[in-house]
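**Q** This structure is in structure tokens; I'll ask about it shortly.
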Amino acid sequence: MYCVIGEKILRCEVKKKEELSSLCKVGSAQKEQSIANNRLFKTEQEAAQFIKKRKMNKVNENKQVANAVATCKALYEKLYEETGIEVRTIDRQWTVSSAEKHIIKLKRTLLDKPETHDKNVSKSFGIAPNPKKDKKKLTQKNKSSNHDSRSNAKSNRAEKSSSEKRYSNRNSTRNNATKSFSSKMK
């Protein structure tokens with residue numbers, strides 16, 4: 001018997017045959033290994049054909065993936081030309097049907113809410129937002145947050161000072177009470 005391990009064809013002796021795999025002594029070292037039954041062959045030629053078929057299948061799969069990638073990129077470029085929506089394609093799964101569904105969803109969203117087009121594009125669709133608009137928004141937010149933080153800080157200081165006064169008043173009355181108590185004890 002012959003078995004295929006990776007890209008190698010090795011002689012093996014089947015010790016125990018089960019439904020899905022077999023326990024075999026493999027190679028010249030006679031090492032015991034569990035090998036899938038679909039990788040055991042009677043002749044070396046059958047094992048070689050199995051490896052050849054597997055390589056051809058991988059090549060075909062890679063070609064199909066490459067074709068799907070090219071088709072999806074073309075679809076997204078067409079979408080960009082039509083609507084101005086640029087889709088970040090780094091994280092895309094490259095199947096044509098999923099790309100078509102995604103494009104339909106993007107177009108529907110654009111039709112339903114055209115007034116929020118810029119926001120949708122920058123968040124959902126992966127376009128980098130307009131830096132000038134963002135800087136204006138950030139400076140406005142920072143100004144308002146700085147003003148809020150200043151007023152909060154003032155109120156916090158006022159609260160602290162009033163609580164410190166109360167605490168110091170409490171301590172002074174305690175100190176006075178202990179002094180008077182200790183003087184009475186003498």
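The values are calculated or read from the model by the stated rules, or taken from the named source; none is laboratory data. This structure is a prediction, so every number in the text was calculated from the model and none was measured. Cβ: placed from backbone, ideal geometry, glycine included. Neighbour counts: every protein chain shown.
**Q** Looking at 47, 36, which one is closer than 30 Å to residue 95 by Cβ and either in the same structural domain as residue 96 (by TED's automatic domain parsing) or touching a strand residue (DSSP E or B) at 6+ places or on another chain (Cβ under 6 Å) (or both)?
**A** Checking each option against the conditions leaves just 36.
**Q** Let me ask something else. Which pairs turn up if I take residues in the stretch 36-63 that are surrounded by 11 or more Cβ atoms within 10 Å (Cβ to Cβ) and look for partners that are assigned to a helix (DSSP H, G or I) with beta carbon separation below 7 Å, at least 6 apart in sequence or on another chain?
**A** Partner pairs satisfying both residue conditions: 41/47; 41/50.
**Q** Would you check if residue 64 is under 18 Å from residue 8 (Cα atoms) and more than 25 Å from the chain's Cα centre (by Cα)?
**A** no
**Q** Another question about this same structure. Take the residues in the stretch 18-31 that are assigned to a strand (DSSP E or B) and more than 41 Å from the chain's Cα centre (by Cα), then tell me which one is surrounded by the fewest Cβ atoms within 10 Å (Cβ to Cβ).
**A** Ranking the candidates gives 31 first.
**Q** Is there a residue being assigned to a helix (DSSP H, G or I), over 30 Å from residue 100 (Cβ atoms) and modelled with pLDDT under 90 anywhere in the stretch 7-17?
**A** no
**Q** For the condition surrounded by 15 or more Cβ atoms within 10 Å (Cβ to Cβ), free of Cβ contacts under 8 Å to residues at least 60 places away in the same chain and farther than 30 Å from residue 5 by Cα, what is the one hit in 68, 74?
**A** 68
**Q** Taking the condition surrounded by fewer than 14 Cβ atoms within 10 Å (Cβ to Cβ) and modelled with pLDDT of 55 or more, does residue 105 pass?
**A** yes
**Q** Got at least one residue in the stretch 59-66 being closer than 30 Å to residue 97 by Cα, at pLDDT 90 or above and of a type in the set (Val, Ile, Thr)?
**A** yes
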